[in-house]
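Below: the structure, in structure tokens.
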Amino acid sequence: MIVIGLGGNMPDGQGHAPIMVLRAAVEALRTLPGLRLRLLSPFYATAPLPPSGQPPYVNAVASLEGCAEPARLLSWLQSIEARAGRVRGRPNAARTLDLDIVAMHNCVRDEPDPVLPHPRLHERAFVLRPLADIAPGWMHPRLGRTIGDLLARLPPQEITRL
């Protein structure tokens, strides 16, 4: 299973709300060669981390099946982000769309990019909560912890199912 995290908190250039931008990104994921969208979590409203005064984010997780080389998949995701108006600036800045490779099967790698699984996955309720919805038995391939254990270890984070 390939897990993609989706998030955004700014409208795109056409004024589409973040949830609509994420829905369009899901449709773009359906077109990736050699991959098939298997599951999509519910959407969640989440507070920015770290707290910054930004608008809330909309987040979800998608699972894909198939094969892709990690760097190629990252390039495809960045292309989808660019089409949605993503401009890369400072870390944790507000954005129209953020697509992250959360995990690829049980792959563990530190280099080259992308690092797998995502290095901050275990700290983020906005990824873990939706992932638990679509893969409740998922286990972190590097830490060897279940998703339930990872969620239980998190400090409180504002997250509401939409």
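Read-outs throughout are calculated quantities, based only on the coordinates presented, and are distinct from any laboratory measurement. All figures in this text were calculated on a predicted structure; none of them were measured in a lab. Glycine also receives a Cβ, built like all others from the backbone with ideal geometry; neighbour counts cover every protein chain displayed.
Here the dipole of the range 39-160 is about 240 debye; that uses its Cα centre as origin and unit charges on the Cβ of Lys and Arg (positive) and Asp and Glu (negative). Stokes-Einstein, applied to the Kirkwood radius of the range 2-161 over Cα pairs at a viscosity of 0.692 mPa s and 37 °C, places its translational diffusion at 208 µm² s⁻¹. A full extension of the chain between E65 and S52 corresponds to an added length of 1.2 nm, given 0.36 nm per residue minus the alpha carbon distance.
For the range 91-135, the square roots a ≥ b ≥ c of the C-alpha gyration tensor eigenvalues yield an a/c of 1.5 or more together with a/b not exceeding b/c, which makes the shape oblate.
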